[in-house]
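For reference, the structure is listed below as structure tokens.
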Amino acid sequence: MGGTRAEKTVERTQGVGTPVRRVEDRRFLEGKGEYLADLNIPGVVDIAFLRSPVAHARLKGVHIPDRIRNSVVLAGDIAFAKPIVAVGKAKGFKYSEYPPLATGRVRFVGEPIAMCVASTRAEAEDMAQACTLDLEELPPVWDIDVALRPDAPPIHDGWDNNLFVTTEIKTGDLNAVKASASVVVEKTMRMARHAGVSMETRGVLAYYDRRLGELVVYSSTQFPHVIRTILAQSLGIAESTLRVVAPDVGGGFGIKNNFQPEELAVAALAMKIGRPVRWIEDRREHLIASPHAREHRYRLKAYADKAGRVLGLEAEVTVDAGAYSVWPWTASMEAGMSAGIMTGPYDIPVYHGRAITVCTNKSPLGPYRGVGRSGACFAIETMIDAVARAVGRTPEDVRIENMVPPTAMPYRSATGKLYDSGDYPEAARRALAAIDAAAVRARQARGEPDGRLIGLGVASYTEQSAHGTAEWVARGLPVVFGYEPALARFTPDGKLILFVGIQNHGQGLETTLAQVAHEELGIPVSDVVVRHGDSSVSPYGMGTFASRSMTMAGGAVSRACAILAEKMKRIGAHLLQAPVDSVTLADGKVSFGAQSVTFAEIADAAYLHPERLPTGEEPALEANAVYEPGRSTGAFSYATHACVVAVDPGTGLVEILDYVVCHDCGTMVNPLIVEAQVVGGVAQGLGTALYEEIPYDENGQPLASTFLDYLIPGPAEVPDVRVLHMETPSPHTRFGIKGMGEGGAIAPPAAVLNGINDALRPLRVELSETPVTPERILDAIAAAQENAR
Amino acid sequence: MKPAPFAYIRPASIAEAVRILADGKGSARPLAGGQSLVPMLNLRLAPVERIVDLGGIAELRQTRDDGTSVRYGAMTIHAAFEDGEVPDASNGLMAHVAGRFAFRAVRNRGTIGGALALADPASDWLVTVVALEAKLHAVGPDGRRVIPAEKFVLGPYFTSLAEGELLEAIEVPKRPKTERWGYCKVTAKVGEYAESMALALVDRARGTARVALGATDGAPIVLPEAAASALRGEAAQSLRETIQRELVAAERDFSRAKLAMHATTVFRALRDAVSS
């Protein structure tokens, strides 16, 4: 299965590779989408969560005024709901129990303690305010360093420290490398804690459907089937009596890709009181208590020769994973992923990596666009620049010379990944040509009339996508996401419905999956409906994350439609009295020369006039398929980002003058969507690079709980991003597709920081922390000036 | 993020507003443009039993050209300054400041009086009225009084307005036509609060100069030595040193980075005023 596009005998004007405008955009742009908060179930009551105001305490009780006692739900009232437990398979992994409502202890500011139920959210918040908490505060574990002190109080009962787990990768002989290296560069870096800030916050609405005898849970989630599985387990009910639906979802980015305690609490409450109950997260809750992301610390040591060729790498990544292990990823996935991709697109044969996952009194940390890769890219790319400086050569040259050449593909990295295909050096060369590195260097030399300093920043990465069984097993998750299904079903009037298990929340899959159907069947995209997001409607699928959906669901849709294509031809040929081998499928018809029969006529025969079918042909016109790529170790997209920055040394402000991405995601299904994904990812990456952070104070209080303090890039901050495309198909996937949704967000922190360091080099400044705020820049400049004196 | 219940009152006159705010029948806060107060109410940071909406008091929105000064009604919205709907006593500085405040949506409702009375240290109007040597007209249960702008702000969110007192007007002396202004504001991104903001007014013909620094976590700071130094035409390096010295001598708790940023905005505001 897989490889390049099938030989086309008929033109496919809306097939794979064509720039079809997104069909879902009409309802979104006209304000006619239906998100969680738009749903109107009669009798629904609104919930406000009473959340912990402190980071770490024994919860001795909740005092509820008598007049509202029946409206406030505590842990004991939903005791049948089992806590969330996500256990990693790595040796020594310590598991946490994450209750839907806190019992006994609270472990982060924002942890849910009670549900207040009222006919409006405002009244529910009044109730929450009227309750008082009996809390015996414990010393807050507010930082990685605090958590790792020998006298730090363990956050979880039965733990003797605050480490979820430590894992290691050891490849090659590091001692030999240490002996032969001419240059050793050591660096520490950090990336700050993020919230995901999807445009739509989280939300859950649950009610009991008496007719069907099932609990219905609407949730703004990225994987409804999997939520159904874990929710049924946690509630102690059969999965066949539970329906989970993701309505229109206004962005997920991974934040909606966890089993949330709020999902469990709201569903349990609906079961208990038999009324529809709804929780809509507000922005303050989102910034404080939604799953956080990105808080990484790095220590890297690179051993290189005089030319800057890296012979070996030592890396330690420490992740502040917050108070509980998120389901299903586990707390340890972030650090493990980072350590597992640390060598990036480079041919570094010797690698010792260590991944440390620390438990702290903060909101649990989970996946967010790019996941561990953004931090790993940040680490290795700033390190490569440092190696270049150490040997007196340009980062551009050193970077390309270290890269895995195309002749080495498929390439087994020192981290154990199998890179399937690609030409990393060529992408870097094209990006550098597009940014016109030579002109930038000349401009730097000339100086700016306004006194700003110009810098060139480059960062490259390779991104594992559409990984299946082998990779998820290797990561030690409690569930393994090995495949995707598709059910392709014609209606008697000749239109097609695709039932898929992914969940579209911005990826354009309602369009691109229809394009795949067009590719196989020649059916107009406007005659295709894509149904997703509903566990009762679609076959069991894994959902949308890890840049998997186009490859996996696309492969499944292709297989199912290919089966239907054959059946269409058989029936069509029979109706046309033509040889099966001589008919073609195009424009919604089966044709033989000038004669044709429409899909509607064929479908009508298949469903309602089986007497017209060829002998032995079964009636109906639908096909099921499942798909996994030829190798489940992933298809690797890659890119080089290059940017030009102007740094104002008087104010610390950074302007991005130019930003180029040269990327390769194999065969592109829809270039418009691919480009938009890249640009959107870059916008988020710029947020990481320059704006976003949630610091915690020594009491464990989050210091960015509104947009006053948590800054995200807006239209004025995102430059015009120039995107160059390369297409090296994957040998393992249908059409040679690779996933690419996350890549845009992976490289910007490294590219921008490298650019800023390049600009500030004359001032002897080297920064290594995101976000690179004006204050950090000014402080570094002042420190360098003091050192010089 | 829904507010706690409160009563809403909309008086028709200043006298009625002052009476309600002083009547002791439960806590009461005046509502001007609501661009700070309403978010605070929604976040339940400012619990209050009664909101007294000043929007119905026409007198507070009236502006008068008094010949040597312009008297701006306290409820004049930022957009009115930006759009030139009120006379400009400041040779265009107030319009320039107003047009760079937050976002247009905020400017359509936020008021100069509300911004000054709240005294958020990062508020642009705070440093502007200090730079322009404005006089703030207050009215309260004990009558009316005039407060010079430089004495108005005592600290972050802390003004010399007494309990129950309202700002009714801001009187700005008309600046000489020979005077030039310089403006430098640093925000982390478009539309955010100022991290540092300096306004300079230099009149070479009359031999006067004034520079004020805002967004300092407290009251704006006037820097007379820096202004004098710029007026004398001192070289850049010397001027920078003077600014640095004067900022340090102001004995505010500036971080190293903030000190550098403030030194930049003051320098650039002065440089622009001197050279324009």
Inset, instruction - Kindly provide the set of residues from the range B:240-265 that are more than 13 Å from every other protein chain (Cβ to nearest Cβ) and open to solvent by less than 50 Å² (accessible area, probe 1.4 Å), ordered by number. - result: B:T242, B:E246, B:L247, B:A250
Legend entry - Count of residues meeting criterion [in contact (Cβ under 8 Å) with a residue 60 or more places away in the chain and among the β-branched types (V, I, T)] in the range B:121-153: 5
Inset, instruction - Filter the range A:81-134 for residues that are farther than 26 Å from A:S234 by Cα and either at pLDDT below 95 or in contact with a Pro (Cβ under 6 Å, 6 or more places away or on another chain) (or both) and give the result. - result: A:A130
Legend entry - Residue within the range A:677-686 that is of a type in the set (G, A, S), buried (at least 22 other Cβ atoms within 10 Å of the Cβ), touching a strand residue (DSSP E or B) at 6+ places or on another chain (Cβ under 9 Å) and within 11 Å of chain B (Cβ to nearest Cβ) present: no
Inset, instruction - Return yes when B:L166 is crowded, with 17+ Cβ neighbours inside 10 Å, touching a residue at least 24 places away in the same chain (Cβ under 8 Å) and away from chain A (no Cβ under 14 Å) and no when it is not. - result: yes
Legend entry - B:D124 being under 12 Å from the mean Cα position of the chain (by Cα), closer than 15 Å to B:P220 by Cβ and surrounded by fewer than 19 Cβ atoms within 10 Å (Cβ to Cβ): no
Inset, instruction - Could you check, for the range B:14-22, whether at least one of its residues is under 19 Å from B:T76 (Cβ atoms), more than 13 Å from chain A (Cβ to nearest Cβ), open to solvent by 50 Å² or more (accessible area, probe 1.4 Å) and among the small types (G, A, S)? - result: no
Inset, instruction - Starting from the range A:619-631, keep only residues that are without any contact (Cβ under 8 Å) to a residue 40 or more places away in the chain, then list their pairs with residues that are in a strand (DSSP E or B) and not charged (D, E, K, R) whose Cβ atoms are within a distance under 9 Å, requiring at least 6 positions of separation or different chains. - result: A:A620/A:F490
Inset, instruction - Could you identify the single residue in B:K185, B:K189 that is within 21 Å of B:L93 (Cβ to Cβ) and not assigned by TED's automatic domain parsing to the domain that holds B:G92? - result: B:K185
Legend entry - Residue check, A:L300 within 30 Å of A:V391 (Cβ to Cβ), in contact (Cβ under 8 Å) with a residue 40 or more places away in the chain, in contact with a helix residue (DSSP H, G or I) (Cβ under 8 Å, 6 or more places away or on another chain) and open to solvent by 10 Å² or more (accessible area, probe 1.4 Å): no
Inset, instruction - Scan the range A:560-613 residue by residue and report those that are open to solvent by 20 Å² or more (accessible area, probe 1.4 Å) and of a type in the set (V, I, T). - result: A:I563, A:V580, A:T584, A:T598
Legend entry - Inter-residue pairs, beta-carbon under 8 Å, first closer than 19 Å to B:G73 by Cβ and more than 10 Å from chain A (Cβ to nearest Cβ) and in the range B:36-57, second surrounded by fewer than 16 Cβ atoms within 10 Å (Cβ to Cβ) and among the aromatic types (F, W, Y), 6+ apart: B:D53/B:Y8
Inset, instruction - Show the residue pairs that are 6+ apart or on different chains and have beta-carbon atoms under 6 Å apart, the first residue being within the range A:776-788 and within 8 Å of chain B (Cβ to nearest Cβ), the second being part of a helix (DSSP H, G or I) and of a type in the set (A, V, I, L, M). - result: A:L778/B:A257; A:L778/B:A260; A:L778/B:M261; A:D779/B:A257; A:I781/A:L763; A:A782/B:A260
Inset, instruction - State which residue is nearest to the other protein chains (Cβ to nearest Cβ) when the search covers only the range A:630-649 and only residues that are open to solvent by 10 Å² or more (accessible area, probe 1.4 Å) and over 19 Å from A:P749 (Cα atoms). - result: A:P649
Legend entry - Which listed residue is away from every other protein chain (no Cβ under 14 Å), surrounded by fewer than 24 Cβ atoms within 10 Å (Cβ to Cβ) and on the phi < 0 side of the Ramachandran plot, from A:V765, A:V721: A:V721
Legend entry - Of the criteria (1) out of contact with any strand residue (DSSP E or B) (no Cβ under 8 Å at 6 or more places or on another chain); (2) open to solvent by less than 10 Å² (accessible area, probe 1.4 Å), which one A:A488 fails: (1)
Inset, instruction - Would you be able to say whether some residue in the range B:220-229 is within 14 Å of chain A (Cβ to nearest Cβ), at pLDDT 95 or above and buried (at least 24 other Cβ atoms within 10 Å of the Cβ)? - result: no
Inset, instruction - Report yes if A:R284 is within 27 Å of A:E769 (Cα to Cα), away from every other protein chain (no Cβ under 14 Å) and surrounded by fewer than 23 Cβ atoms within 10 Å (Cβ to Cβ), otherwise no. - result: no
Inset, instruction - Go through the residues of the range A:106-115 one by one and say whether even a single one is assigned to a loop (DSSP other than H, G, I, E, B), in contact with a helix residue (DSSP H, G or I) (Cβ under 8 Å, 6 or more places away or on another chain), within 14 Å of chain B (Cβ to nearest Cβ) and open to solvent by less than 30 Å² (accessible area, probe 1.4 Å). - result: yes
Inset, instruction - Test B:A236 against the stated conditions and say whether it is in contact with a Phe, Trp or Tyr (Cβ under 8 Å, 6 or more places away or on another chain), within 14 Å of chain A (Cβ to nearest Cβ) and surrounded by fewer than 23 Cβ atoms within 10 Å (Cβ to Cβ). - result: yes
Legend entry - Among residues of the range B:207-265, those that are of a type in the set (A, V, I, L, M, F, W, C), free of Cβ contacts under 8 Å to residues at least 24 places away in the same chain and in contact with a Lys or Arg (Cβ under 8 Å, 6 or more places away or on another chain), counted: 2
Inset, instruction - Quick one: which residue in A:L690, A:L657, A:L711, A:L653 is open to solvent by 10 Å² or more (accessible area, probe 1.4 Å) and more than 14 Å from chain B (Cβ to nearest Cβ)? - result: A:L657
Inset, instruction - Answer yes or no: is there a residue in the range B:127-135 that is surrounded by fewer than 21 Cβ atoms within 10 Å (Cβ to Cβ) and either of a type outside the set (D, E) or over 14 Å from the mean Cα position of the chain (by Cα) (or both). - result: yes
Inset, instruction - Select, from A:R399, A:R373, A:R393, A:R354, the only residue that is in contact (Cβ under 8 Å) with a residue 40 or more places away in the chain, surrounded by fewer than 24 Cβ atoms within 10 Å (Cβ to Cβ) and touching a strand residue (DSSP E or B) at 6+ places or on another chain (Cβ under 8 Å). - result: A:R354
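The values are calculated or read from the model by the stated rules, or taken from the named source; none is laboratory data. Source: prediction; values computed, not measured. Cβ coordinates were reconstructed from backbone atoms using ideal geometry, including for glycine residues, and neighbour counts include every protein chain displayed. In case anyone asks, the SASA skips ligands and DNA or RNA and just uses the protein heavy atoms, side chains included. Shrake-Rupley method; radii C 1.70, N 1.55, O 1.52, S 1.80 Å.
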